[in-house]
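The values are calculated or read from the model by the stated rules, or taken from the named source; none is laboratory data. As the structure is a computational prediction, the values presented were derived from the model and not from experiment. A quick note on method: Cβ atoms are made from the backbone with ideal geometry, for glycine too, and the neighbour counts reach across all protein chains shown.
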Amino acid sequence: MSDLSKQPLRSTLEHIGELESDVSSTIRNLARIPYPRIRFNLEIAGKNYKAGLDAVRRVLTEYLLTRAQQFATLPQPGTGKTQTVDEILRKYWGRQLNMSYHIAEGFRTNFALEAGANIPFELYFLVFDIFKEFNFEETLVFRPADQFKSETFEETILEPLDSILQVGKQTILPGTLEQPPVPRDLRTEIQLKPANAIWYVSGEAHNPILWPLIIHESFHLLDNRLGLFQEMESLMGSTKKLPVLDPAKIEQVNKKWSKEIFQDIAAVHYFGPMYAFSLMNYFERLPYIRSVEHPEMSSRLYAVNKYLQTAHSQHTDYLTRALSFCKPLITRELARYEQSGELSDEVKTELDMFYDAVASWLRSRRITLFTDRLARYVAQGSRAREMVDKQIIDRVPYVDPIFTFDEVVDLVFTKKVSLALDPTLLLNVVLAVSDKYTPQGYSERLVDCMYKCRVKQAWDLALSSIKA
Amino acid sequence: MTSLWKLEASLMAVGTGATGVSLFQDYGVRTPEMKYFIDYCRRTPVADLGADMAIAPDQVYLGFPERIAQAYQAVLDRLPCLDKDIPSKEELSGLRKIIEDFYTVLYEMYSTLKSGNVRLEQAASTIHT
């Protein structure tokens, strides 16, 4: 045992050093990851955690220890006795010491989880594609957890330490201790690179039915960083207002619920109709409870169902087939809510107006939505014949003809072909036959399809660069 | 869903409040810790403490959101005693105790979430209902 009275906090500080070594070692081991972009993202995350651990160390040494040393010199009124630094730390700052330890441990644990995440790497690119639509280039990592969520690294690392960092920079009130403990703003000295984590349910990592929920979290993340909801709200103008789903709740709660539904509407437009199925499936697997952050399930399903009712595309039969699969399921579910009185006409009217506003905002953003991707697929596929006729097929990796819904199902599930089909198109087909082919049993093939699509995109990009 | 970082931030802030009030009680000095906590309570609604939960019925989760809201309200009710030039000993010790109680219930929720009890309890509730 060390003599704590001579070297207060030594053990804790030593442990933080060990945690930093662990993080460094994990960063070195990232070399095994075959995708440079994902490796680079994880490296940035690791460096952020190291910066966080350094911040905890500085909080302990430059704030807590300094404060305790100041009070150790003061006699207590009444008794006139002084206390040792250790006594003061334990008595007055014990809780912060305890939490500092937990927070530091949390940094190391988070990074170990992120670096060893069991989610298929190809799903990273599903998110990168959305980022690209918004010209968003910040770091992303997946974190295995027990829920779907998104979080910035400022939230993970800086927010828990914020109170201490704020106290450290406060000027001392008149009539109190003269010397500020940490005169400078430590928070501005902690160098974090902009980064974000998407949490996913670890036990569902290989369940394709829930992969579309990652799209929902991606929109949360983008909203958090780019203020998408606020942008949409300002487009609504003064004549329209956000939905009030429960007048008994305060405006702040109703606004949070609107945001949640906003992400759902954006996700279903971006991903396609099977997002609705994914959402409902998740609610069935995980008992859903309304909270401050999440509105009633009925409101969320009603909003995504609006898309199912209005979406149309003449390109291929993917959309119509997917709709014919999931529309009856969602309609039945909504009928139950209506019968039980959970989904009132007032709420539906509020959601109808809100849906139109969000859909209008999405169009104004000109991002590539599901129906746009369908059109692009048909345009590219129609060149297949031309490639053969012009005998230039050898110069490009491959251009598939346009496959029908049934052909995709047959190729992927029966003939065991990994099609280089856009992941969102692929998932909208394969999830729409999940009553016949359990998607969980085919996750490896689906990942292989997604991998081949990336390779094809890389080829296309290389070819277009050569042409340019 | 509950954010661990929000709970961690709340625990640190409330811990800072306990520090500030204890130092005021024992040394008679108004520290930046105390000032921070007063400002924190004035600007932080209960919804931002990180105690909202959407993953299971409250009765399974020991009613954390309600317990935390009550504990926070108790702190808010007693906090104005710090506006006095010289609060009484009873007022200060009473405030210190309820801040510590508030910290305890937050910490209990934090430990429950961290230990994974939530998932176990959720599984249990699914089986029994």
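Brief remarks follow.
- Scanning the stretch A:303-340 for residues that are of a type in the set (Ser, Thr, Tyr) and within 23 Å of the chain's Cα centre (by Cα) returns a single hit, A:Tyr307.
- Residues (within 11 Å of chain A (Cβ to nearest Cβ), of a type in the set (Asp, Glu) and in contact (Cβ under 8 Å) with a residue 12 or more places away in the chain) located in the stretch B:76-115: B:Glu100
- Residue satisfying condition, being under 30 Å from A:Leu213 (Cβ atoms) and touching a helix residue (DSSP H, G or I) at 6+ places or on another chain (Cβ under 6 Å), within set A:Tyr92, A:Tyr49: A:Tyr49
- Hey, A:Phe107 more than 14 Å from chain B (Cβ to nearest Cβ) and either under 11 Å from A:Ile198 (Cα atoms) or assigned to a helix (DSSP H, G or I) (or both) or not: no
- When the helices (runs of 4 or more DSSP H) confined to the stretch A:1-86 are screened for residues that are closer than 19 Å to A:Phe153 by Cα and among the hydrophobic types (A, V, I, L, M, F, W, C), those reaching at least 2 such residues are found at A:10-28, A:36-58.
- Flag not set for B:Gln73, criterion: surrounded by fewer than 17 Cβ atoms within 10 Å (Cβ to Cβ), part of a helix (DSSP H, G or I), more than 7 Å from every other protein chain (Cβ to nearest Cβ) and at pLDDT below 95.
For every residue, the table says whether it meets (1) crowded, with 19+ Cβ neighbours inside 10 Å; (2) over 22 Å from A:Ala432 (Cα atoms); (3) outside the structural domain of A:Val358 (by TED's automatic domain parsing); (4) not charged (D, E, K, R).
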{"residue": "A:Asn196", "(1), (2), (3), (4)": "yes, yes, yes, yes"}
{"residue": "A:Trp211", "(1), (2), (3), (4)": "yes, no, yes, yes"}
{"residue": "A:Leu221", "(1), (2), (3), (4)": "yes, yes, no, yes"}
{"residue": "A:Gly227", "(1), (2), (3), (4)": "no, yes, no, yes"}
{"residue": "A:Gly237", "(1), (2), (3), (4)": "no, yes, no, yes"}
{"residue": "A:Lys241", "(1), (2), (3), (4)": "no, yes, no, no"}
{"residue": "A:Leu245", "(1), (2), (3), (4)": "yes, yes, no, yes"}
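For every residue, the table says whether it meets (1) in contact with a His (Cβ under 9 Å, 6 or more places away or on another chain); (2) crowded, with 16+ Cβ neighbours inside 10 Å; (3) not acidic (Asp, Glu).
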residue	(1), (2), (3)
A:Gln309	no, no, yes
A:Leu319	yes, yes, yes
A:Lys327	no, yes, yes
A:Glu333	no, yes, no
A:Glu342	no, no, no
A:Thr349	no, no, yes
